[in-house]
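Below is one structure, written out as structure tokens; comments come after it.
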Amino acid sequence: MARPGWNPTRRNRHQGTAARGHGQDNRLTIPDSWLDTRMYWERLRLAVVVRRDLDGQPLTVLVEPPAPGFVHACTVDDVVAVWALIPADERRGLELVALRQPTRKERTLAASWGRLGYASELAPGGGPAIFLHAVRARGVVLRWPRSMTPADTQEFERLRSDGFAATESRRWIELVGGVDVVRATLLYRTLLHEVGHYVDWCTSVLAHVGTAEEDERWRAYDGKPGHDKEAFAHAYATRLAAALRAGGHLPVPRRRDEPGLIADGLDPAWFA
């Protein structure tokens, strides 16, 4: 049977869909600025600078005031206490940690406990920096589908081991954790995980300085599959946390010295 010819009155099946650009002008995105070249997680507002020295290696902690209803689950001294337990050779060159407040759109579109900025403009000379995010003061509720991928299942079990309690419904599994549980996730897993990314980056990129052009070194790291990078960072954090727990170094007691916070220019109400 012969196919019919072109009919100009027939409606194109892509009309009114994303294939024809529908919704592209009102798509929900994290705002960007032509005047500010920094990544959105580097745009800290009214951040307080706190400096520490660990065995001759400087550490700068930037603290952004949290939004109403949010707190930083760990204090500067909490971060410093765990930072001092990381082998000095593995954190050399990593000198900045930022406690930041994610915006509502960031929490919706790019939710995370923290991240590593490989070439953050906040660090001296554009160096690496670790960012840890503020959380709701009443705690965190995470909703997971009942059907999970292997990677989701592994992260689910990690959160369970951190202390999150799971409750099941017909459609979802909810993980509920107070600020103390989130503090453990940030200090003993997220912070060490991001250091693991830094170690992987140093091994893949910085170890080959002088043997290749900078763009080639970066391509070598960017060419690694994302799941390989995550697997390395998870393995690093798990191995280091287990060794520190076996040695009695973890968990570290909460360090919330109000006079010390005030002396550093910080508001004690910013911290859990």
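Condition check ((1) more than 24 Å from residue 79 (Cβ to Cβ); (2) of a type in the set (Val, Ile, Thr); (3) in contact with a Lys or Arg (Cβ under 8 Å, 6 or more places away or on another chain)) across all residues:
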{"position": "137", "(1), (2), (3)": "no, no, no"}
{"position": "143", "(1), (2), (3)": "yes, no, no"}
{"position": "147", "(1), (2), (3)": "yes, no, no"}
{"position": "152", "(1), (2), (3)": "yes, no, no"}
{"position": "165", "(1), (2), (3)": "yes, no, no"}
{"position": "172", "(1), (2), (3)": "yes, no, yes"}
{"position": "189", "(1), (2), (3)": "no, no, yes"}
{"position": "197", "(1), (2), (3)": "no, no, yes"}
{"position": "205", "(1), (2), (3)": "yes, yes, yes"}
>> Just to check your reading of the model, which residue among 142, 132 is at pLDDT 95 or above, aliphatic (A, V, I, L, M) and buried (at least 16 other Cβ atoms within 10 Å of the Cβ)?
In response: 132
> From the residues in the stretch 107-117 that are touching a Pro at 6+ places or on another chain (Cβ under 9 Å) and either assigned to a loop (DSSP other than H, G, I, E, B) or among the aliphatic types (A, V, I, L, M) (or both), which one is nearest to residue 63 (Cα to Cα)?
Replying inline: 116
> Assuming residue 267 fulfils every condition listed in (1) in contact with a helix residue (DSSP H, G or I) (Cβ under 9 Å, 6 or more places away or on another chain); (2) modelled with pLDDT of 95 or more; (3) surrounded by fewer than 20 Cβ atoms within 10 Å (Cβ to Cβ); (4) within 27 Å of residue 127 (Cβ to Cβ) apart from one, which condition is it?
Replying inline: (4)
> Restricting to strands (runs of 3 or more DSSP E) lying wholly in the stretch 21-106: which have 1 or more residues that are surrounded by fewer than 16 Cβ atoms within 10 Å (Cβ to Cβ) and modelled with pLDDT of 95 or more?
Replying inline: 48-54
>> Give all pairs with beta carbons closer than 9 Å in which a residue from the stretch 43-55 that is at negative phi meets a residue that is modelled with pLDDT under 90 and among the hydroxyl-bearing types (Ser, Thr, Tyr); count only pairs at least 6 apart in sequence or on separate chains.
In response: 43/33
>> Which of the numbered conditions does residue 120 fail, given that it passes all the others? Conditions: (1) surrounded by 18 or more Cβ atoms within 10 Å (Cβ to Cβ); (2) outside any loop (DSSP other than H, G, I, E, B); (3) over 12 Å from the mean Cα position of the chain (by Cα).
In response: (2)
> Which of the residues that make up the stretch 184-220 are modelled with pLDDT under 75, not in a helix (DSSP H, G or I) and not charged (D, E, K, R)?
Replying inline: 209, 210, 211, 212
> Do the conditions hold for residue 153, that is, is it polar (S, T, N, Q) and more than 20 Å from residue 181 (Cβ to Cβ)?
Replying inline: no
> Of all residues in the stretch 224-251, how many are surrounded by 14 or more Cβ atoms within 10 Å (Cβ to Cβ) and either assigned to a helix (DSSP H, G or I) or at positive phi (or both)?
Replying inline: 12
>> Restricting to the stretch 142-164, name every residue that is of a type in the set (Lys, Arg) and outside any helix (DSSP H, G or I).
In response: 143, 146
>> Regarding the stretch 37-54, can at least one residue be identified that is among the aromatic types (Phe, Trp, Tyr) and within 18 Å of the chain's Cα centre (by Cα)?
In response: yes
>> Residue under question is residue 178, and the condition is that it be in contact (Cβ under 8 Å) with a residue 24 or more places away in the chain, surrounded by 15 or more Cβ atoms within 10 Å (Cβ to Cβ) and touching an Asp or Glu at 6+ places or on another chain (Cβ under 9 Å); does it hold?
In response: no
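The values are calculated or read from the model by the stated rules, or taken from the named source; none is laboratory data. Keep in mind that what you see is a predicted model, and the values were worked out from it rather than measured. So basically every Cβ, Gly included, is an ideal-geometry build from the backbone, and we count neighbours across all protein chains shown.
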